[in-house]
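The values are calculated or read from the model by the stated rules, or taken from the named source; none is laboratory data. This structure is a prediction, so every number in the text was calculated from the model and none was measured. Methodologically, a virtual Cβ is constructed for each residue, glycine included, from the backbone with ideal geometry; neighbour enumeration extends over all protein chains shown. Calculation scope for accessible area: heavy atoms of the full protein, side chains included, ligands and nucleic acids excluded. Shrake-Rupley method; radii C 1.70, N 1.55, O 1.52, S 1.80 Å.
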Amino acid sequence: MRHNYWAITLSILGAIIAAGILAVLAINMLNINISFTVGKKSTDSSNNNQQKTNEVTGPLILYYTAIEDDGKSGAKIGCGDSAVAVTTADVTTNDVVKSSFERLLSNKNQWYGESGLYNVLYNSNLKFSSRQKSGDTIKVYLTGTLSLGGVCDNPRVQAVLEMTAEKAANVTNADIYINDKTLAEVLSLK
């Protein structure tokens, strides 16, 4: 009887060991399949990451004018106005400068929401064309027509465009071109 007990025990133990070996082999085979699949997906996602290398998510910062604010709400500009930064909701973009200008130039309302901030570009028909960053300077190229409502709109346009460009590119200098003319040239003709 004892002999049968040991034989049964050894058979059960052998079956457990065999099942364990099979389980280990199955897991190893599964790991090979998983790592092959994950490796393939990883390669695909790294290609996507290469395409989206510069993609960021965050708010855009645009500038509008507080008329006769005298620098209380933002940077003091000509005619006793202030250039005031406005933060948008988060956007995902691979070109913050382009996205900032497209948002700024597409706003055709004279006032920015209920804020009381004046949109000096509301009557203009400008489009973002390109940008070029060199050191601490961003050059932004726009096309279209600039429409102004009076002499005080000159410093407003200059501040809004330059400050939006500087903030978007994280630089301290901005040169704006409209139809390949400097902003100073365009404003001198207005």
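Give just the number: which of (1) exposed (fewer than 14 other Cβ atoms within 10 Å of the Cβ); (2) of a type in the set (A, V, I, L, M, F, W, C); (3) in contact with a helix residue (DSSP H, G or I) (Cβ under 7 Å, 6 or more places away or on another chain) does Ala89 not satisfy?
(3)
Would you call Arg131 basic (Lys, Arg) and open to solvent by less than 70 Å² (accessible area, probe 1.4 Å)?
It is false that Arg131 is basic (Lys, Arg) and open to solvent by less than 70 Å² (accessible area, probe 1.4 Å).
What about Leu126, is it within 19 Å of Lys108 (Cα to Cα) and part of a strand (DSSP E or B)?
Taking the combined requirement at face value, the residue satisfies it.
Ala168 fails exactly one of the following numbered conditions: (1) open to solvent by less than 10 Å² (accessible area, probe 1.4 Å); (2) under 18 Å from the mean Cα position of the chain (by Cα). What is the number of that condition?
(1)
Looking only at region 116-128, filter to residues that are within 14 Å of Ser100 (Cβ to Cβ) and touching a Ser or Thr at 6+ places or on another chain (Cβ under 8 Å); which one of those is surrounded by the most Cβ atoms within 10 Å (Cβ to Cβ)?
Leu126
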